[in-house]
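To start, the structure itself, in structure tokens.
The values are calculated or read from the model by the stated rules, or taken from the named source; none is laboratory data. Note that the structure is a prediction, hence the values are computed from the model and not measured. Quick reminder, even Gly has a Cβ in these numbers, built from the backbone with ideal geometry, and neighbours come from all protein chains shown. Areas reflect the complete protein model, heavy atoms only, side chains present, ligands, DNA and RNA absent. Shrake-Rupley method; radii C 1.70, N 1.55, O 1.52, S 1.80 Å.
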Amino acid sequence: MNAKVLNTLEYVNIIRLLEEKAGSEPGKKLCRELKPMTEIHEIEEAQTHTHDALNRLIKKGSINFGANRDFGFSLKSLEIGSTLTAGELLNYAKFLNNVGRVKAWGVREREEDETDSLDDYFELLNPMTKVAEEINRCILDEDGHMADDASPTLKSIRKALVQTNEKIHSELNKMVNGSVGSYLQDHVVTMRDNRYCIPVKAEHRSQVPGMIHDQSSTGATIFVEPQAVVELNNKIRQLELDEEKEIAVILADLSAELATHTVDLKTDQDFMTKLDFIFAKGALALDENATRPVFNDEKRINIRKGRHPLLDKKKVVPIDVPLGRDYDLLVITGPNTGGKTVTLKTVGLFTLMGQAGLHIPAGDRSELSIFNEVYADIGDEQSIEQSLSTFSSHMKSIVHILKNADSDSLCLFDELGAGTDPTEGAALAIAILSYLHDRGIRTMATTHYSELKLFALSTDFVENACCEFDVETLSPTYRLLIGIPGKSNAFAISSKLGLSDEIIDMAKATISEDSEHFEDVIADLENSRVKMERDRAALDEEKEKILSERKALDEKLEKLNESREKILREANEEARDILKEAKDYADETIRIMQKTGTNISMKDLEERRRNLRGKVDDKNSRLSVKAEKQEIKGLSVKDLHVGDMVKIVSMGLKGTVSTLPDAKGNLYVQCGIIRSQANVKDLLLVQEEEITAPGLSKNNTGAGKMKMSKAMSVSYECNLIGKTVDEALAVLDKYLDDAYLSHMHEARIVHGKGTGALRSAVHNHLKKCKYIKSYRLGEHGEGDAGVTIVEFK
């Protein structure tokens, strides 16, 4: 792919975004080196990697490759037996720890999880845990500080150093605070040339035997290493040399251990770099809300809802761009700043991104094809100040394109033929497009020339397109409309901006009748398109509404059928049980009669006959739903009042009338906490039941009983928000009594969060209620701490 088009179509800016997503320098380098490919199997493999990385990022979140680095030089040093520094060894340990985290992140959690193209990369990573742990155990930091227990010898040396230092300090402290104290400038112990000294006054030099290491700038103080500690200082120096040697031995041992794994280290580095690069592509796709394009070998492009990746995705208007199926040349016209150039760049950039293995910010099933070259002559400066040199520059680029383009190329031209005489420019543009069209080269071009619009209308496999412009608001909509040539709208825009009608009429008079007629045809086409789009939108909305209603009706019918089948099944089962019970009782009676023979008295026989008849009558009354329905037929709308106790025969539920019947006889009945819709034909008036309050005997009267009709209308929820504690407790107390009498299993008390005072008062009150089984704060989705769920005994 030519380097010029990568800059022209801003592919290099996409690579910069990709590079930012990589976590390591080797990964960033791979990003910078990414170029579009032309082999289909390489492209598909790269797209699969990006797709799988995107899926993993969505499921598991991000992953870091920051410890990965280029170990090329140090690896070679290891191979020839060199010893690495402590910092270099620590870098390897950090890298191996990073490898371990990446491997743990990437391995499938369950065997039944779906595999993908990245599994092998993660499986082949070798974190070499023991090697990394040994390095971390021995080396404390990158400055080379070694742990005391890095080796037994080092531990022994450092122990001896500590003991010797203590001896020196003890001996010097005795001298400072004892016999030579009066000869000292200061009562301190100091260091000179890495040896312990004391500051002696110059005039008392002879009184303190030892070696002189330094003197003050004035000469008044000399720093003497007393003879008593010379040997100890020598010992410390020797121990320090032994320590350096032992550290060198430890580093050599660690380097030698690491050198046995150079092959694994190279493999880990390669795979970590590759994974960093792949997940950078996945992260970019995630940021751009991009999808995997579908590639074909028919030089066919079909972009669905495409957005230029360098524009604000919240503001950019998605476009649909088909090319190569019904036509291989697309001429785009329309006003300036309407989105023509962005459309060209979007198509070209998507092609480059797709062939580089990157996802594109477009809708699912967007199609791209593979081109060996993409050529683009796009200039962003579009003004009357363009000179001949500008035209020459563009023409030089066009000449290069025409020489090199073939059927495997995609050509993009912005303002083709501009910068020169319009007549000659239009003629050149038509000739250039015809040349490309005759050779089957996929081409897109933008223009203002009406001649090119006519060329597209009159030539097979060439199509017009335009970028829509709203004359009312004098602003482009950035929508790309295929099949309609664009109109310049110069007269309409000028009129809206205040140019007099006289001048506009004079301008219209200067253009040819054919040109004016052509523009009028375009305007009519545009008006027809707008009207058709509005009608289609209205039809789509109506269709959506009908489908929604149909779906709701189907669901309702399905529920009714299920309910009907359940009722019939239960009724049949109950009937079978009832008949079996009656038959068993009759058989038992017959057996008794046969066993007693003629000895049974007529009185006993009559008694058993009555019992049998009673059993049968009882079972018949339980099965007789038709009898109830006949009674219901006598129930009229006038017989019902709000609050009446009724029975819904088809459901077997009792409740109170909440609303009066409508014209069709439908009304709502409150059955406990359930509010059901029923028809007056399915209702039966019943006597109100009396429920005895808890703690009262059956002999209690009046005050110990409450009407069922009141309890049946109790709500499942009691809202106390906005009330004071006293007001809330009064409402809550009455509500709990009513809810318990209506046989509710649980209730929902809404008290809000606030300061918690109301919630505490409610909980204290609930503790004292004898018929409360338990209570708890609401869970997520129930109202959290602003709600208390109460369960009754």
> Near LYS664, which aspartates and glutamates are there with a Cα under 13 Å away, not counting those fewer than 8 places off in the same chain?
Replying inline: ASP682
> Here are some pairs, LYS299/LYS543; LYS103/LYS315; LYS4/LYS29; LYS266/LYS314; LYS559/LYS753; which of them have Cα atoms lying more than 32 Å apart in this structure?
Replying inline: LYS299/LYS543; LYS103/LYS315; LYS266/LYS314; LYS559/LYS753
> What residues have an amide H closer than 5 Å to that of ILE360, excluding those fewer than 5 places away on the same chain, when H is modeled at 1.01 Å from N in the peptide plane?
Replying inline: THR291
>> Take the residue pairs LYS35/LYS453; LYS94/LYS274; LYS681/LYS734 and return only those whose Cα atoms are more than 27 Å apart.
In response: LYS35/LYS453; LYS681/LYS734
>> If DNA, RNA and ligands are ignored and the probe is 1.4 Å, what is the ranking of LEU410, LEU286 by accessible area, most exposed first?
In response: LEU286, LEU410
> Using r as the Cβ-Cβ distance of ASP270 and ALA202, and R0 as 60 Å, what FRET efficiency do you calculate, to the nearest 0.05?
Replying inline: 0.30
> How big is the gap, in Å, between the Cα center of region 68-113 and the Cα center of region 133-159?
Replying inline: 21 Å
> Based on the alpha-carbon gyration tensor of region 202-315 and its eigenvalue square roots a ≥ b ≥ c, which shape applies: rounded if a/c is under 1.5, prolate if not and a/b is larger than b/c, or oblate?
Replying inline: oblate
> How far is the Cα center of region 314-330 from the Cα center of region 737-793, in Å?
Replying inline: 61 Å
> In terms of solvent-accessible area of protein heavy atoms at a 1.4 angstrom probe, what is the ranking of PHE413, PHE223, highest value first?
Replying inline: PHE223, PHE413
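Pairs of Cα atoms under 8 Å, at least six residues apart: use those to get the relative contact order of region 332-466, whole percent.
31 percent
Quick check: residue separation of LEU124 and ILE40 times 0.36 nm, minus the Cα distance between them. What number comes out in nm?
27.6 nm
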> In nm, to one decimal, how far is the modelled label at LYS245 from the one at SER676, with both set 7 Å along Cα→Cβ?
Replying inline: 9.9 nm
> Mind checking which aspartates and glutamates have their C-alpha under 20 Å from LYS76, skipping anything on the same chain fewer than 8 residues away?
Replying inline: GLU25, GLU88, ASP253, GLU257, ASP264, ASP268, ASP270
> Which aspartates and glutamates does LYS21 reach when only Cα atoms under 17 Å apart count, and residues fewer than 8 places away in its own chain are ignored?
Replying inline: GLU33, ASP52, ASP276, ASP287, GLU288
> How far apart, in nm, are two points set 7 Å out from the Cα along the Cα-to-Cβ line at ARG110 and at SER62?
Replying inline: 2.9 nm
> Quick one: if you stick a label point 7 Å off each Cα along the C-beta vector at GLU502 and ASN561, how many nm between them?
Replying inline: 7.8 nm
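Considering Cα pairs under 8 angstrom that are at least six residues apart, work out the relative contact order of region 43-170 and quote it in whole percent. The partial results should precede the final answer.
On the way: 90 pairs, mean separation 31.6, N = 128.
Rounded, it is 25 percent for region 43-170.
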